[in-house]
Amino acid sequence: MEWRNQVAVVTGGTRGIGRATARLLAQRGAAVCVNYAVHADAAEALVAEIASAGGRAIAVAADVADSAAAASATHRARTAGKNGSVVLMRFVT
């Protein structure tokens, strides 16, 4: 599946299945927003890994249980992804 012009917000994207999903989406062309609550270093490392492979990614700290924070994270992801369609993928680690 082609993910160009798509923005994927991956919550729990710093570890496990969320991390693997973020990497795969980036490989398939999505702009990836790696959402984290605690592991800023892991999120930034994943963003650097994606960028070094030619992908697009940002790290955004947000508690997605807070609707305002989730909306803000989605807005930042959409802006960074040049207003592509946003898909939210949630992984609890």
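The values are calculated or read from the model by the stated rules, or taken from the named source; none is laboratory data. In this text the structure is predicted, and so the values were computed from the model without any measurement. Here the Cβ positions follow ideal geometry from the backbone for every residue, glycine too, while neighbour counts run over all protein chains shown.
For (1) out of contact with any Phe, Trp or Tyr (no Cβ under 7 Å at 6 or more places or on another chain); (2) surrounded by 14 or more Cβ atoms within 10 Å (Cβ to Cβ); (3) modelled with pLDDT of 90 or more, each residue gets a yes or a no:
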site: V32; (1), (2), (3): yes, yes, yes
site: G54; (1), (2), (3): yes, no, yes
site: A77; (1), (2), (3): yes, yes, no
site: V87; (1), (2), (3): yes, yes, no
Using the structure shown, decide if A59 is of a type in the set (A, V, I, L, M) and within 9 Å of the chain's Cα centre (by Cα).
yes
Filtered residues of the range 35-49 (kept if exposed (fewer than 15 other Cβ atoms within 10 Å of the Cβ) and either under 18 Å from V64 (Cα atoms) or among the aliphatic types (A, V, I, L, M) (or both)):
V38, A40, A48
Please state which of the following conditions T21 fails to meet, knowing it meets all the rest: (1) loosely packed, with under 14 Cβ neighbours inside 10 Å; (2) modelled with pLDDT of 90 or more; (3) of a type outside the set (A, V, I, L, M, F, W, C).
(1)
List every residue pair whose Cβ atoms sit under 6 Å apart, with the two residues 6 or more apart in sequence or on different chains, where the first one lies in the range 9-27 and is farther than 22 Å from A69 by Cβ and the second, anywhere, is part of a loop (DSSP other than H, G, I, E, B) and at pLDDT 90 or above.
A26/G55
Looking at A31, A22, A80, A45 in this structure, which one is aliphatic (A, V, I, L, M) and over 21 Å from E2 (Cβ atoms)?
A45
